[in-house]
Amino acid sequence: MEKQDISTKIYIETYGCQMNVADSEIVVSILNESGYEKTDDIQSADVILVNTCSIRENAEQRVWGRLDVFRQIKKKNPRLTIGVIGCMAERLKEKLIEEEKAVDIVVGPDAYRELPRLLENAGTGQKAVNVILSREETYADISPVRLDKNHISAFVSIMRGCNNMCSYCIVPYVRGAERSRDPKSILKEIEDLQKQGYKEVTLIGQNVDSYNWKPDKSDKVSFSQLLEMVAQISDKLRVRFSTSHPKDMSDEVLYTMSKYKNICKHIHLPAQSGSTRVLERMKRGYSREWYLNRINAIKQIIPDCAVSTDIMTGFPGETEQDHADTINLMKEVNYDFAYMFKYSERPNTYAARHLKDDIQESIKTQRLTEIIDLQNELSEKSKKEDLGKTFEVLVEGFSKKSKDYLFGRTSQNKVVVFPRLNHTIGDYVDVEIIDCTSATLIGEPTSKKIN
Ligand code: SAH
Ligand code: SF4
Ligand code: F3S
């Protein structure tokens, strides 16, 4: 206890997806309650926590690299406690401490409430591992401490875990079974954010379309209902969500999006592959035709909706024809944006156990390059189509290059840079697009702010 009295300083570093970003905010909240204080200065920290990702081999490699650095810091400061939390903690368990002796505690994503106790014990030299997964934990009652810089946009976790078991994916193993969070606690968190001046929330989960709150039959809440409740909090609060799953994305969600101006017109709909044969082997639960049917529904119900995706190349058994099908799917959909990856075999997944990782590295690289080149063209085309149009932009910050410029996003999630005039962070500004670079749109505000 003595240690806490002089306020123990924690430094936290976060890798991986939005879920981890949101979890780090929960972790800081839990630790604040126990008297810990966050620091941005790693050298003066008493505790270093690294919130980790296991999605691909290289995500784990990065963390091992950081652990090397932390070990050097610990050499100079033997009282330093090092904790590995998150998905890699869950996957590797005590092996992490065996491999890297500098690590003191290993805590999985459902055991964060135990952190104060484990850290206290670590202070007396006891190493500890807690990787128990839960069927109920959603941290619903914990108010995350926001770690974002500008206090405009926040992630709000609406569910945890995943029940899908895509054959390549480690997430169900490290995050456990899917569970939805009580809508009352979600709405309260968002109302609080709005009162604090936040202008945008992103509802996050591995498959938001399967959000399903059902304490008893009368109270059932689906994702489209939750989305509608959130949208009604304030028309000045933008609402985004991620990730949608093609097999579960319903027209109902699309109609709700079209009904509310403040629900952003952007859907991230990971395709993974354009080949039905590969999709079957991935156990994604949809075919190419089904996926295209969902894209058509988006385009019909929300004509100005941007669509982004995740593509994975080099899955076991992927032929040149399968690859060509991915390329032509991308062309057919005309994605505004994409995250693109090489398949990385993850231990103990269905694919690791049953499908040989048989695509040569050089072929994976070649296919990925082709996919990235194509997406660069599609992204450029998508930006060019915006020239001359006017969008409402929510200002998030100053442009990196000059304080005379601001940047923000359109409803479609495209970044726009424009002259500041008398506008400021958090404003909604109508901006006409006059030019674009490879990464951003460049615009002019169509009117000055009336103060
Ligand atoms: N729940 C989301 C995806 C979460 S993981 C969904 O189902 O769409 C984010 C992305 O990482 C996935 O969409 C996939 O493209 C990629 N990914 C997941 N496992 C991978 C693996 N083993 N190798 C390479 N990429 C992977
Ligand atoms: Fe992984 Fe599939 Fe779940 Fe996404 S839906 S997290 S890819 S198992
Ligand atoms: Fe990575 Fe875990 Fe997210 S494995 S992608 S941080 S759920």
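The values are calculated or read from the model by the stated rules, or taken from the named source; none is laboratory data. Computed from a prediction, not measured in an experiment: that's the story for all the values here. Using ideal geometry, Cβ is built from the backbone for each residue, glycine included, and neighbour counts are taken over all protein chains shown. Just so you know, the surface numbers come from the protein's heavy atoms only, side chains and all, with ligands and any DNA or RNA stripped out. Shrake-Rupley method; radii C 1.70, N 1.55, O 1.52, S 1.80 Å.
Listed values, structure above:
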| quantity | calculated |
| --- | --- |
| Candidates THR349, THR276, THR256, THR326 - the one that is out of contact with any Asp or Glu (no Cβ under 9 Å at 6 or more places or on another chain) and surrounded by 15 or more Cβ atoms within 10 Å (Cβ to Cβ) | THR349 |
| Condition broken by MET159, with the remaining ones in (1) farther than 27 Å from SER273 by Cα; (2) outside the structural domain of ILE30 (by TED's automatic domain parsing); (3) touching a strand residue (DSSP E or B) at 6+ places or on another chain (Cβ under 6 Å) satisfied | (1) |
| Hey, VAL174 open to solvent by less than 40 Å² (accessible area, probe 1.4 Å), more than 15 Å from ligand 2 (Cβ to nearest atom) and either not assigned by TED's automatic domain parsing to the domain that holds ALA351 or not charged (D, E, K, R) (or both) or not | no |
| Odd one out for SER438, checked against (1) open to solvent by less than 70 Å² (accessible area, probe 1.4 Å); (2) farther than 19 Å from SER153 by Cβ | (1) |
| Some residue of the range 33-43 being closer than 18 Å to LEU147 by Cα, within 16 Å of ligand 2 (Cβ to nearest atom), at pLDDT 95 or above and out of contact with any Leu (no Cβ under 7 Å at 6 or more places or on another chain) | no |
| Residue check for LEU115: outside any strand (DSSP E or B), modelled with pLDDT of 95 or more, surrounded by fewer than 18 Cβ atoms within 10 Å (Cβ to Cβ) and away from ligand 1 (no atom under 16 Å from the Cβ) | no |
| Any chance TYR211 is aromatic (Phe, Trp, Tyr), closer than 30 Å to GLY314 by Cα and in the same structural domain as HIS268 (by TED's automatic domain parsing) | no |
| Per-region count, the range 153-204, residues within 15 Å of ligand 1 (Cβ to nearest atom) and β-branched (Val, Ile, Thr) | 6 |
| Exclusive hit being within 16 Å of ligand 3 (Cβ to nearest atom), under 12 Å from ILE267 (Cα atoms) and either touching a strand residue (DSSP E or B) at 6+ places or on another chain (Cβ under 6 Å) or of a type in the set (S, T, N, Q) (or both), set ASP310, ASP336 | ASP310 |
| Residue tally, condition more than 30 Å from GLU361 (Cα to Cα) and not in a strand (DSSP E or B), over the range 10-67 | 24 |
| Given (1) open to solvent by 40 Å² or more (accessible area, probe 1.4 Å); (2) of a type outside the set (S, T, N, Q); (3) touching a strand residue (DSSP E or B) at 6+ places or on another chain (Cβ under 9 Å), index of the condition LYS403 fails | (3) |
| Every residue from the range 96-106 that is out of contact with any helix residue (DSSP H, G or I) (no Cβ under 6 Å at 6 or more places or on another chain) and open to solvent by less than 10 Å² (accessible area, probe 1.4 Å) | LEU96 |
| Any hit, the range 185-205, residues being farther than 23 Å from SER234 by Cα, surrounded by 16 or more Cβ atoms within 10 Å (Cβ to Cβ) and not charged (D, E, K, R) | no |
| Which listed residue, of SER34, SER44, is more than 16 Å from ligand 3 (Cβ to nearest atom), touching a helix residue (DSSP H, G or I) at 6+ places or on another chain (Cβ under 7 Å) and open to solvent by 10 Å² or more (accessible area, probe 1.4 Å) | SER34 |
